[in-house]
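First the structure, which I've put down as C-alpha coordinates, then a few questions once you've had a look.
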Amino acid sequence: MNIRLDKTANTFLILFSVLAMLLTGVLVERIVMRNNLSSIYRCRIGLNGSRLSDEFYANVKKVSSVRTANTYATQYEFVINNLGTNDLENWNIFLAMPRGSSVTDVWNVELARDDREDLVITPVNYNMTISAGGSVSFGFTIHTRRAYMPSALMLRGFKTVPPGATTASRLIIVFLIIWGAVFVGFMVARLNSRSYREKQKTDIKIILQSMNTFISFIDAKDPYTRGHSRRVAMYAAEIAKRMHLPENEIQNVYYAGLLHDAGKISIPDTVLNKPGKLTDEEMAAIRNHTVAGGNMLKQLSIPGVRETALYHHERYDGLGYPEGLRGDEIPLYARIVGVADSYDAMSSNRVYRRHLNKDEIIEEIQKGSGNQFDPTIVVYMVDMINDGYVNVVKMETADSEDGSDRLHLREEDIPGLYMGF
Ligand SMILES: [Fe+2]
(Lines give C-alpha, C1' and ligand atoms only; values in the text may rest on other atoms or scores of the structure.)
Protein backbone atom coordinates (compact mmCIF):
# COMPACT_ATOMS: atom_id res chain seq x y z
CA MET A 1 0.00 0.00 0.00
CA ASN A 2 1.18 3.50 -0.70
CA ILE A 3 2.66 4.83 2.55
CA ARG A 4 1.22 8.30 1.99
CA LEU A 5 -2.26 6.77 2.01
CA ASP A 6 -1.26 4.94 5.14
CA LYS A 7 -0.38 8.22 6.82
CA THR A 8 -3.67 9.80 5.71
CA ALA A 9 -5.58 6.82 7.07
CA ASN A 10 -3.67 7.09 10.30
CA THR A 11 -4.47 10.79 10.69
CA PHE A 12 -8.11 10.09 9.89
CA LEU A 13 -8.28 7.33 12.48
CA ILE A 14 -6.72 9.52 15.14
CA LEU A 15 -9.18 12.33 14.39
CA PHE A 16 -12.04 9.84 14.37
CA SER A 17 -10.86 8.49 17.67
CA VAL A 18 -10.72 11.94 19.28
CA LEU A 19 -14.19 12.75 17.93
CA ALA A 20 -15.55 9.46 19.21
CA MET A 21 -14.05 10.19 22.63
CA LEU A 22 -15.70 13.60 22.73
CA LEU A 23 -18.98 12.07 21.63
CA THR A 24 -18.65 9.45 24.35
CA GLY A 25 -18.07 12.17 26.91
CA VAL A 26 -21.23 13.97 25.82
CA LEU A 27 -23.25 10.75 25.89
CA VAL A 28 -21.98 9.69 29.30
CA GLU A 29 -22.74 13.15 30.62
CA ARG A 30 -26.27 12.75 29.24
CA ILE A 31 -26.76 9.36 30.84
CA VAL A 32 -25.32 10.32 34.19
CA MET A 33 -26.45 13.89 34.49
CA ARG A 34 -29.64 14.20 32.52
CA ASN A 35 -31.00 11.11 31.01
CA ASN A 36 -31.72 9.59 34.38
CA LEU A 37 -33.94 12.48 35.40
CA SER A 38 -37.49 12.51 34.14
CA SER A 39 -39.18 15.67 33.03
CA ILE A 40 -40.91 17.49 35.85
CA TYR A 41 -43.24 15.32 37.93
CA ARG A 42 -46.23 16.70 39.81
CA CYS A 43 -48.89 15.13 41.97
CA ARG A 44 -51.58 16.35 44.28
CA ILE A 45 -51.68 14.61 47.63
CA GLY A 46 -54.75 14.63 49.77
CA LEU A 47 -54.33 15.10 53.50
CA ASN A 48 -57.67 13.70 54.59
CA GLY A 49 -56.90 10.05 53.97
CA SER A 50 -57.47 9.99 50.23
CA ARG A 51 -54.53 9.02 48.02
CA LEU A 52 -54.47 11.12 44.88
CA SER A 53 -51.23 9.66 43.56
CA ASP A 54 -50.29 6.00 43.09
CA GLU A 55 -46.79 6.62 44.26
CA PHE A 56 -46.85 9.36 46.87
CA TYR A 57 -49.06 9.93 49.82
CA ALA A 58 -48.81 12.08 52.89
CA ASN A 59 -49.67 11.71 56.55
CA VAL A 60 -50.46 14.84 58.40
CA LYS A 61 -50.65 14.86 62.16
CA LYS A 62 -51.93 17.64 64.38
CA VAL A 63 -49.25 17.78 67.10
CA SER A 64 -50.83 20.56 69.17
CA SER A 65 -53.46 23.21 68.87
CA VAL A 66 -53.76 26.44 70.88
CA ARG A 67 -56.81 28.68 70.56
CA THR A 68 -56.99 32.25 71.82
CA ALA A 69 -59.76 34.81 71.35
CA ASN A 70 -58.78 35.76 67.80
CA THR A 71 -56.28 33.16 66.63
CA TYR A 72 -55.74 29.49 66.16
CA ALA A 73 -52.17 28.17 66.41
CA THR A 74 -51.89 24.59 65.19
CA GLN A 75 -48.68 22.64 64.97
CA TYR A 76 -48.56 20.02 62.20
CA GLU A 77 -46.16 17.23 61.36
CA PHE A 78 -46.11 16.08 57.72
CA VAL A 79 -44.71 12.78 56.47
CA ILE A 80 -44.37 12.30 52.68
CA ASN A 81 -44.08 8.64 51.67
CA ASN A 82 -42.71 7.41 48.39
CA LEU A 83 -44.29 4.08 47.47
CA GLY A 84 -43.01 4.15 43.90
CA THR A 85 -39.90 2.58 42.44
CA ASN A 86 -38.14 5.86 41.54
CA ASP A 87 -36.40 8.38 43.76
CA LEU A 88 -37.76 11.92 43.69
CA GLU A 89 -35.17 14.69 43.51
CA ASN A 90 -35.19 18.49 43.62
CA TRP A 91 -38.65 18.45 45.09
CA ASN A 92 -40.73 21.07 46.77
CA ILE A 93 -44.28 21.31 48.04
CA PHE A 94 -46.94 23.96 47.55
CA LEU A 95 -49.54 24.39 50.25
CA ALA A 96 -52.50 26.76 49.86
CA MET A 97 -52.86 29.03 52.91
CA PRO A 98 -55.75 31.16 54.20
CA ARG A 99 -55.36 34.94 53.96
CA GLY A 100 -53.57 36.62 56.81
CA SER A 101 -52.01 33.43 58.08
CA SER A 102 -48.45 33.08 59.32
CA VAL A 103 -46.07 30.21 60.07
CA THR A 104 -43.60 29.59 62.91
CA ASP A 105 -41.62 26.73 64.48
CA VAL A 106 -40.48 25.38 61.13
CA TRP A 107 -38.31 22.26 61.15
CA ASN A 108 -36.54 20.29 58.45
CA VAL A 109 -37.71 22.58 55.65
CA GLU A 110 -37.45 26.16 54.51
CA LEU A 111 -40.51 28.16 53.70
CA ALA A 112 -41.23 30.89 51.19
CA ARG A 113 -44.34 32.36 49.65
CA ASP A 114 -45.12 32.30 45.96
CA ASP A 115 -46.99 35.08 44.14
CA ARG A 116 -50.35 33.64 45.23
CA GLU A 117 -49.23 33.73 48.86
CA ASP A 118 -49.16 29.90 48.87
CA LEU A 119 -46.48 28.31 51.01
CA VAL A 120 -43.48 26.92 49.12
CA ILE A 121 -41.85 24.20 51.21
CA THR A 122 -38.27 23.30 50.34
CA PRO A 123 -36.06 20.76 52.17
CA VAL A 124 -33.02 22.09 54.04
CA ASN A 125 -29.50 20.75 54.19
CA TYR A 126 -29.63 19.69 50.54
CA ASN A 127 -31.58 16.66 51.62
CA MET A 128 -33.31 16.71 48.31
CA THR A 129 -34.16 13.09 47.69
CA ILE A 130 -37.25 11.14 48.70
CA SER A 131 -35.94 7.64 48.01
CA ALA A 132 -38.12 4.94 46.58
CA GLY A 133 -39.76 3.21 49.52
CA GLY A 134 -38.64 5.99 51.88
CA SER A 135 -40.16 9.10 53.39
CA VAL A 136 -39.35 12.57 54.65
CA SER A 137 -40.93 14.50 57.46
CA PHE A 138 -41.15 18.13 58.41
CA GLY A 139 -43.41 20.40 60.41
CA PHE A 140 -44.45 23.90 61.41
CA THR A 141 -47.08 25.83 63.31
CA ILE A 142 -49.76 27.68 61.34
CA HIS A 143 -51.41 30.75 62.85
CA THR A 144 -54.82 31.64 61.43
CA ARG A 145 -57.76 33.81 62.41
CA ARG A 146 -60.28 31.10 61.71
CA ALA A 147 -60.20 27.40 62.19
CA TYR A 148 -58.17 25.84 59.41
CA MET A 149 -57.04 22.39 58.38
CA PRO A 150 -54.86 21.83 55.29
CA SER A 151 -56.64 19.45 52.94
CA ALA A 152 -54.21 18.91 50.05
CA LEU A 153 -50.74 19.77 48.93
CA MET A 154 -48.99 19.80 45.58
CA LEU A 155 -45.71 17.89 45.29
CA ARG A 156 -43.33 18.74 42.47
CA GLY A 157 -39.95 17.20 41.62
CA PHE A 158 -37.97 15.03 39.23
CA LYS A 159 -38.17 11.28 39.29
CA THR A 160 -34.88 9.53 38.60
CA VAL A 161 -34.92 6.83 35.97
CA PRO A 162 -32.32 4.08 36.50
CA PRO A 163 -29.62 4.15 33.75
CA GLY A 164 -30.58 1.87 30.91
CA ALA A 165 -34.26 2.06 31.73
CA THR A 166 -35.20 4.06 28.65
CA THR A 167 -34.80 3.04 25.01
CA ALA A 168 -32.55 6.03 24.37
CA SER A 169 -30.16 5.22 27.18
CA ARG A 170 -30.11 1.54 26.16
CA LEU A 171 -29.12 2.61 22.65
CA ILE A 172 -26.42 4.84 24.07
CA ILE A 173 -25.00 1.98 26.13
CA VAL A 174 -25.02 -0.33 23.09
CA PHE A 175 -23.25 2.37 21.11
CA LEU A 176 -20.65 2.79 23.85
CA ILE A 177 -19.96 -0.94 23.94
CA ILE A 178 -19.57 -1.04 20.14
CA TRP A 179 -17.37 2.01 20.16
CA GLY A 180 -15.27 0.59 23.01
CA ALA A 181 -14.72 -2.61 21.02
CA VAL A 182 -13.79 -0.63 17.89
CA PHE A 183 -11.45 1.58 19.91
CA VAL A 184 -9.67 -1.38 21.50
CA GLY A 185 -9.37 -3.04 18.08
CA PHE A 186 -8.01 0.17 16.61
CA MET A 187 -5.43 0.56 19.37
CA VAL A 188 -4.29 -3.04 18.96
CA ALA A 189 -3.99 -2.53 15.19
CA ARG A 190 -2.05 0.68 15.74
CA LEU A 191 0.37 -0.97 18.14
CA ASN A 192 0.87 -3.81 15.67
CA SER A 193 1.49 -1.46 12.76
CA ARG A 194 3.88 0.58 14.89
CA SER A 195 5.97 -2.46 15.76
CA TYR A 196 5.80 -3.48 12.08
CA ARG A 197 7.12 -0.03 11.07
CA GLU A 198 9.87 -0.25 13.69
CA LYS A 199 10.91 -3.58 12.23
CA GLN A 200 10.78 -2.17 8.70
CA LYS A 201 12.94 0.75 9.82
CA THR A 202 15.48 -1.60 11.36
CA ASP A 203 15.49 -3.74 8.21
CA ILE A 204 16.15 -0.70 6.01
CA LYS A 205 18.96 0.42 8.31
CA ILE A 206 20.56 -3.01 8.09
CA ILE A 207 20.23 -3.00 4.29
CA LEU A 208 21.86 0.44 4.11
CA GLN A 209 24.60 -0.52 6.55
CA SER A 210 25.38 -3.66 4.52
CA MET A 211 25.43 -1.70 1.28
CA ASN A 212 27.64 1.01 2.77
CA THR A 213 30.03 -1.63 4.08
CA PHE A 214 30.28 -3.12 0.62
CA ILE A 215 30.76 0.30 -0.95
CA SER A 216 33.64 1.02 1.40
CA PHE A 217 35.44 -1.97 -0.24
CA ILE A 218 35.06 -0.30 -3.64
CA ASP A 219 36.14 3.06 -2.21
CA ALA A 220 39.22 1.42 -0.71
CA LYS A 221 40.14 0.11 -4.16
CA ASP A 222 39.60 3.40 -5.93
CA PRO A 223 40.22 6.35 -3.61
CA TYR A 224 39.69 8.82 -6.44
CA THR A 225 36.04 7.90 -6.55
CA ARG A 226 35.62 7.97 -2.79
CA GLY A 227 32.05 8.88 -1.86
CA HIS A 228 31.03 8.52 -5.52
CA SER A 229 28.41 5.83 -4.96
CA ARG A 230 26.72 7.73 -2.15
CA ARG A 231 26.60 10.95 -4.10
CA VAL A 232 25.24 9.17 -7.17
CA ALA A 233 22.61 7.47 -5.00
CA MET A 234 21.52 10.82 -3.60
CA TYR A 235 21.43 12.57 -6.97
CA ALA A 236 19.51 9.64 -8.46
CA ALA A 237 16.99 9.53 -5.60
CA GLU A 238 16.44 13.28 -5.97
CA ILE A 239 15.86 12.90 -9.72
CA ALA A 240 13.37 10.11 -8.98
CA LYS A 241 11.66 12.33 -6.44
CA ARG A 242 11.40 15.23 -8.86
CA MET A 243 9.99 12.81 -11.46
CA HIS A 244 7.26 12.03 -8.91
CA LEU A 245 8.03 8.33 -8.79
CA PRO A 246 6.24 6.49 -5.95
CA GLU A 247 8.12 6.61 -2.67
CA ASN A 248 9.13 2.95 -2.63
CA GLU A 249 10.65 3.42 -6.10
CA ILE A 250 12.64 6.44 -4.92
CA GLN A 251 13.99 4.16 -2.21
CA ASN A 252 14.91 1.51 -4.77
CA VAL A 253 16.58 4.09 -7.04
CA TYR A 254 18.68 5.07 -4.01
CA TYR A 255 19.76 1.45 -3.49
CA ALA A 256 20.44 1.10 -7.23
CA GLY A 257 22.62 4.24 -7.12
CA LEU A 258 24.56 2.93 -4.13
CA LEU A 259 25.39 -0.36 -5.82
CA HIS A 260 25.68 0.69 -9.47
CA ASP A 261 29.48 0.31 -9.48
CA ALA A 262 29.56 -2.87 -7.39
CA GLY A 263 31.30 -4.63 -10.32
CA LYS A 264 34.33 -2.34 -9.96
CA ILE A 265 35.59 -4.70 -7.33
CA SER A 266 36.45 -7.06 -10.18
CA ILE A 267 38.73 -4.55 -11.96
CA PRO A 268 42.44 -5.06 -11.21
CA ASP A 269 43.92 -2.21 -9.14
CA THR A 270 46.64 -1.61 -11.71
CA VAL A 271 44.02 -0.88 -14.34
CA LEU A 272 41.70 1.10 -12.10
CA ASN A 273 44.37 3.50 -10.91
CA LYS A 274 46.44 3.70 -14.08
CA PRO A 275 47.12 7.23 -15.16
CA GLY A 276 47.30 7.85 -18.87
CA LYS A 277 45.91 5.92 -21.78
CA LEU A 278 44.45 2.44 -21.35
CA THR A 279 45.02 -0.41 -23.73
CA ASP A 280 42.00 -2.04 -25.41
CA GLU A 281 42.32 -4.94 -23.04
CA GLU A 282 42.36 -2.65 -20.00
CA MET A 283 39.42 -0.72 -21.38
CA ALA A 284 37.51 -3.99 -21.78
CA ALA A 285 38.31 -4.89 -18.15
CA ILE A 286 36.89 -1.57 -17.01
CA ARG A 287 33.78 -1.90 -19.15
CA ASN A 288 33.28 -5.36 -17.81
CA HIS A 289 32.40 -3.93 -14.36
CA THR A 290 28.83 -3.60 -15.63
CA VAL A 291 28.45 -7.29 -16.42
CA ALA A 292 30.38 -8.27 -13.30
CA GLY A 293 28.11 -6.04 -11.18
CA GLY A 294 25.00 -7.50 -12.82
CA ASN A 295 26.22 -11.00 -11.98
CA MET A 296 27.19 -10.13 -8.43
CA LEU A 297 23.79 -8.62 -7.71
CA LYS A 298 21.73 -11.42 -9.24
CA GLN A 299 20.69 -12.67 -5.83
CA LEU A 300 19.58 -9.30 -4.55
CA SER A 301 15.80 -9.11 -4.86
CA ILE A 302 15.48 -5.30 -4.63
CA PRO A 303 13.82 -4.32 -7.93
CA GLY A 304 16.05 -2.54 -10.47
CA VAL A 305 19.34 -2.80 -8.57
CA ARG A 306 20.88 -5.57 -10.72
CA GLU A 307 19.69 -3.97 -13.98
CA THR A 308 21.14 -0.62 -12.96
CA ALA A 309 24.58 -2.11 -12.29
CA LEU A 310 24.38 -3.87 -15.64
CA TYR A 311 23.01 -1.04 -17.78
CA HIS A 312 24.15 2.27 -16.26
CA HIS A 313 26.70 2.75 -19.07
CA GLU A 314 24.16 2.22 -21.83
CA ARG A 315 23.53 5.32 -23.92
CA TYR A 316 20.17 6.68 -25.04
CA ASP A 317 21.28 6.48 -28.68
CA GLY A 318 22.23 2.81 -28.35
CA LEU A 319 26.00 3.35 -28.52
CA GLY A 320 26.70 2.42 -24.90
CA TYR A 321 27.74 -0.88 -23.31
CA PRO A 322 27.47 -3.74 -22.51
CA GLU A 323 24.47 -4.54 -24.76
CA GLY A 324 23.86 -1.40 -26.79
CA LEU A 325 20.30 -0.96 -25.56
CA ARG A 326 18.66 2.29 -26.68
CA GLY A 327 15.95 4.69 -25.47
CA ASP A 328 13.31 3.14 -23.29
CA GLU A 329 14.91 -0.30 -23.67
CA ILE A 330 17.31 0.89 -21.00
CA PRO A 331 15.64 0.39 -17.60
CA LEU A 332 14.51 3.69 -16.07
CA TYR A 333 16.69 3.40 -12.95
CA ALA A 334 19.76 2.79 -15.15
CA ARG A 335 18.92 5.90 -17.21
CA ILE A 336 18.56 7.96 -14.02
CA VAL A 337 21.74 6.60 -12.45
CA GLY A 338 23.56 7.05 -15.81
CA VAL A 339 22.94 10.82 -15.72
CA ALA A 340 23.76 11.11 -11.99
CA ASP A 341 26.92 9.03 -12.50
CA SER A 342 28.14 11.25 -15.36
CA TYR A 343 27.42 14.40 -13.39
CA ASP A 344 29.47 13.12 -10.46
CA ALA A 345 32.34 12.09 -12.73
CA MET A 346 32.42 15.56 -14.29
CA SER A 347 32.23 17.35 -10.94
CA SER A 348 34.98 15.28 -9.24
CA ASN A 349 38.73 15.19 -9.75
CA ARG A 350 40.04 12.09 -11.48
CA VAL A 351 43.50 10.63 -11.97
CA TYR A 352 43.69 12.15 -15.42
CA ARG A 353 41.94 15.52 -14.97
CA ARG A 354 40.49 18.11 -12.61
CA HIS A 355 36.77 18.56 -12.30
CA LEU A 356 34.83 20.77 -14.69
CA ASN A 357 33.14 23.95 -13.53
CA LYS A 358 29.36 24.37 -13.26
CA ASP A 359 28.84 25.93 -16.70
CA GLU A 360 31.04 23.39 -18.42
CA ILE A 361 29.14 20.57 -16.75
CA ILE A 362 25.73 21.96 -17.75
CA GLU A 363 27.01 22.39 -21.30
CA GLU A 364 28.35 18.82 -21.39
CA ILE A 365 25.15 17.33 -20.01
CA GLN A 366 22.96 19.28 -22.39
CA LYS A 367 25.20 18.24 -25.27
CA GLY A 368 24.57 14.64 -24.23
CA SER A 369 20.77 15.09 -24.03
CA GLY A 370 19.05 12.74 -26.46
CA ASN A 371 22.24 10.89 -27.45
CA GLN A 372 24.07 9.89 -24.28
CA PHE A 373 21.27 10.75 -21.85
CA ASP A 374 17.50 10.48 -21.65
CA PRO A 375 16.41 14.10 -22.38
CA THR A 376 13.62 14.06 -19.79
CA ILE A 377 16.10 13.14 -17.04
CA VAL A 378 18.64 15.76 -18.20
CA VAL A 379 16.10 18.49 -17.39
CA TYR A 380 15.91 17.40 -13.73
CA MET A 381 19.68 17.06 -13.40
CA VAL A 382 20.28 20.54 -14.84
CA ASP A 383 17.66 21.94 -12.46
CA MET A 384 19.45 20.32 -9.52
CA ILE A 385 22.75 21.90 -10.62
CA ASN A 386 21.16 25.31 -11.05
CA ASP A 387 19.18 25.33 -7.81
CA GLY A 388 22.23 24.21 -5.81
CA TYR A 389 20.86 20.86 -4.67
CA VAL A 390 24.03 19.11 -5.85
CA ASN A 391 26.12 21.31 -3.55
CA VAL A 392 24.11 20.21 -0.52
CA VAL A 393 24.88 16.60 -1.42
CA LYS A 394 28.60 17.37 -1.89
CA MET A 395 28.79 19.16 1.46
CA GLU A 396 27.02 16.35 3.24
CA THR A 397 29.24 13.66 1.77
CA ALA A 398 32.58 15.53 1.88
CA ASP A 399 35.57 13.88 3.52
CA SER A 400 36.95 15.51 6.62
CA GLU A 401 40.57 16.63 6.79
CA ASP A 402 41.75 13.53 8.59
CA GLY A 403 40.42 11.51 5.68
CA SER A 404 37.54 9.92 7.53
CA ASP A 405 34.23 9.68 5.85
CA ARG A 406 31.89 12.52 6.84
CA LEU A 407 28.55 11.14 5.75
CA HIS A 408 27.16 11.57 9.19
CA LEU A 409 23.76 12.90 8.41
CA ARG A 410 21.28 10.26 9.36
CA GLU A 411 20.10 8.31 6.37
CA GLU A 412 16.55 9.56 6.93
CA ASP A 413 17.83 13.13 6.64
CA ILE A 414 19.21 12.61 3.17
CA PRO A 415 17.34 15.17 1.09
CA GLY A 416 14.88 13.58 -1.23
CA LEU A 417 15.39 10.12 0.14
CA TYR A 418 12.31 8.29 1.13
CA MET A 419 13.10 5.72 3.77
CA GLY A 420 9.97 3.65 3.39
CA PHE A 421 8.22 4.61 6.63
FE1 LIG B 1 30.08 2.70 -13.66
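The values are calculated or read from the model by the stated rules, or taken from the named source; none is laboratory data. In this text the structure is predicted, and so the values were computed from the model without any measurement. Cβ placement follows ideal geometry from the backbone for every residue including glycine, while neighbour counts extend to all protein chains displayed. When the accessible area is computed, the model is the full protein with side chains, heavy atoms only, and any ligands, DNA or RNA have been set aside. Shrake-Rupley method; radii C 1.70, N 1.55, O 1.52, S 1.80 Å.
What is the range 222-413's relative contact order, in percent, from Cα pairs under 8 angstrom and six or more apart in sequence?
20
Name the residue from TYR148, ALA236, PHE186 whose Cα lies farthest towards the positive end of the charge dipole of the range 147-250, charges +1 on Cβ of Lys and Arg and -1 on Cβ of Asp and Glu.
The one lying farthest along the dipole's positive direction is TYR148.
I would also like to ask the following. To the nearest 10 square angstrom, what accessible area does VAL184 show with a 1.4 Å probe?
Near enough 90 Å² of accessible area.
Right, another one. If you roll a 1.4 Å probe over the range 111-252 with all protein chains in place, what percent of the accessible area is carbon or sulfur?
Its accessible area is 61 percent carbon and sulfur atoms.
With every atom except the alpha carbons ignored, what do you get for Rg and Dmax of the range 179-249, in angstroms?
19.2, 63
Short version: what are the Cα gyration tensor semi-axes of the range 294-357, square root of 5 times each eigenvalue, largest first, in whole Å?
After diagonalising the Cα gyration tensor, the semi-axes are 23, 15, 10 Å.
Still on this structure: Using a 7 Å offset from Cα along Cα-Cβ at ASP280, what residues in the range 313-346 end up with backbone N under 13 Å from the label point?
None, by backbone N distance to the label point.
Find the accessible area per residue for the range 38-160; the probe is 1.4 Å, ligands and nucleic acids are left out, and the unit is Å².
I get 56 Å² per residue for this part.
Roughly how many Å² of THR225 are accessible to a 1.4 Å probe, to the nearest 10?
Solvent-accessible area, nearest 10 Å²: 10 Å².
P(r) tail for the range 38-160, what percent of Cα pairs lie past 26 Å?
That fraction is 18 percent.
Let me check something: with ligands and nucleic acids excluded, how do LYS367, LYS205 order by accessible area (1.4 Å probe), largest to smallest?
Output order, biggest surface exposure first: LYS367, LYS205.
Rounded, prolate or oblate: which one fits the range 250-397, using the alpha carbon gyration tensor with axes a ≥ b ≥ c (rounded when a/c is under 1.5, else prolate when a/b beats b/c, else oblate)?
rounded
Report Rg (one decimal) and Dmax (nearest whole number) for the range 213-334, counting Cα atoms only, units Å.
Over the range 213-334's Cα set, Rg and Dmax evaluate to 14.4, 43 Å.
With each pseudo-label sitting 7 Å past Cα toward Cβ, what's the TYR321-ASP54 distance in nm, one decimal?
10.4
Let me ask something else about it. Pairs LYS358/LYS394; LYS298/LYS394; LYS367/LYS394; LYS221/LYS298; LYS201/LYS264: which exceed 20 Å Cα-Cα?
LYS298/LYS394; LYS367/LYS394; LYS221/LYS298; LYS201/LYS264
May I ask you to derive the FRET efficiency for GLU364 and ILE302 from their Cβ-Cβ distance with R0 = 35 Å, giving the value to the nearest 0.05?
Result of the calculation: an efficiency of 0.70.
Leaving ligands, DNA and RNA out of it, rank TRP179, TRP91 by accessible area with a 1.4 Å probe, largest first.
Largest accessible area first, the list is TRP179, TRP91.
Provide the gained length on full extension for the span ARG116 to VAL184, in nm with one decimal, where the gain is 0.36 nm per separating residue minus the Cα-Cα distance.
Taking ARG116 through VAL184 to full extension adds about 18.6 nm, to one decimal.
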